[in-house]
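S.K.: I have a structure here, written as structure tokens, and I will follow up with some questions on it.
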Amino acid sequence: MNESSPPPIVRKTSVPHHHRHARAAIVNAAASMMYHRGVAATSVGDVSHAAGAEARELHRHFRDKNELVHAVIDRELAVVLDGQDATDAIASWDGLDTWVSRVVDAQPSEDGPFACPLGILASELRNSPEYRPALDTAFRTWEGHLADGLRRMQQRGELDSTANPDRLAASLLAALQGGYLLASVHGRIEIMRDVLDDAVAAMRRYQV
């Protein structure tokens, strides 16, 4: 009786993992340098050196600086949503207050400097047509997460049905960006909390 051959053994290679790790290291190095120096003052060579990657390794992942900047924009959005974002927990006014607290508590120190990485990129690149669409998408994604939380509040009957979650989310994000700026200028994190608390208080006119 013939026995069927055993299935071939598939061995996982570490190459894809290595490439992902190398790409992440490059993007992280670029993000840090662009945050502290600015995009214009950060060269591809600088990033390659900081990441400990050879030039050919960097160009294996990114054809040019334009692609690298787009990757940094994506990375900063992911960091914002992962580290600061408790929007999945926004389903009530208490949840919204929790989001405010987590945003403020995420700041590395009490006296600054305070800055939103996406906000910094947007400020520098706002007149660059090659980056504005990506920045627009990033901020709309952020707003969308907040708006989804506000819609959950509507579904629970805590937010009036006449409220526009998209508009309120945009206003809340605008308050946050203004809070970053003023807190950084004055060197006091309390300003950020005050600005966000006031924004939420204004939204409570729609509380049910």
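Read the figures in this text as sums done on the coordinates, not as results from a lab. Everything quoted here is computed from the prediction, not taken from an experiment. FYI the Cβ positions are ideal-geometry reconstructions off the backbone, even for glycines, and counts take in every protein chain you see.
S.K.: Of the conditions (1) under 27 Å from residue 36 (Cβ atoms); (2) surrounded by 15 or more Cβ atoms within 10 Å (Cβ to Cβ), residue 126 satisfies every one except a single condition; which number is it?
M.R.: Unmet for residue 126, out of (1) under 27 Å from residue 36 (Cβ atoms); (2) surrounded by 15 or more Cβ atoms within 10 Å (Cβ to Cβ): (2).
S.K.: Turning to a different aspect of this structure: Just to be sure I understand, how many residues within region 43-63 are of a type in the set (A, V, I, L, M) and either in a loop (DSSP other than H, G, I, E, B) or over 13 Å from residue 25 (Cα atoms) (or both)?
M.R.: Step one: of region 43-63, the residues of a type in the set (A, V, I, L, M) are 44, 47, 50-51, 53, 55, 58.
Retained after the next criterion (residues that are either in a loop (DSSP other than H, G, I, E, B) or over 13 Å from residue 25 (Cα atoms) (or both)): 44, 53, 55.
Residues flagged as of a type in the set (A, V, I, L, M) and either in a loop (DSSP other than H, G, I, E, B) or over 13 Å from residue 25 (Cα atoms) (or both) within region 43-63 amount to 3.
S.K.: Can you spot a residue in region 132-148 that is of a type in the set (A, V, I, L, M) and in contact with a strand residue (DSSP E or B) (Cβ under 9 Å, 6 or more places away or on another chain)?
M.R.: no
So that you can scan it fast, the table gives a plain yes or no per residue for (1) under 20 Å from residue 104 (Cα atoms); (2) not in a helix (DSSP H, G or I):
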{"position": "119", "(1), (2)": "yes, no"}
{"position": "138", "(1), (2)": "no, no"}
{"position": "141", "(1), (2)": "no, no"}
{"position": "149", "(1), (2)": "yes, no"}
{"position": "157", "(1), (2)": "no, yes"}
{"position": "173", "(1), (2)": "yes, no"}
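Quick grid of which residues meet (1) of a type in the set (Val, Ile, Thr); (2) out of contact with any Asp or Glu (no Cβ under 8 Å at 6 or more places or on another chain):
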site	(1), (2)
140	no, yes
149	no, no
168	no, yes
172	no, yes
178	no, yes
185	yes, yes
194	no, yes
202	no, yes
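S.K.: I want to confirm something. Restricting to region 14-33 and keeping residues that are of a type in the set (S, T, N, Q) and in a helix (DSSP H, G or I), which single residue is nearest to residue 126 (Cα to Cα)?
M.R.: The qualifying residue nearest to residue 126 (Cα to Cα) is 32.
S.K.: Here is a list: 160, 194, 148. Which entry is of a type in the set (Asp, Glu), out of contact with any Cys (no Cβ under 8 Å at 6 or more places or on another chain) and loosely packed, with under 13 Cβ neighbours inside 10 Å?
M.R.: After ruling out the rest, the residue left standing is 160.
S.K.: Moving to a separate point now. Would you please name the residue that is surrounded by the most Cβ atoms within 10 Å (Cβ to Cβ), looking only at residues in region 34-61 that are hydrophobic (A, V, I, L, M, F, W, C) and under 12 Å from residue 120 (Cβ atoms)?
M.R.: 34
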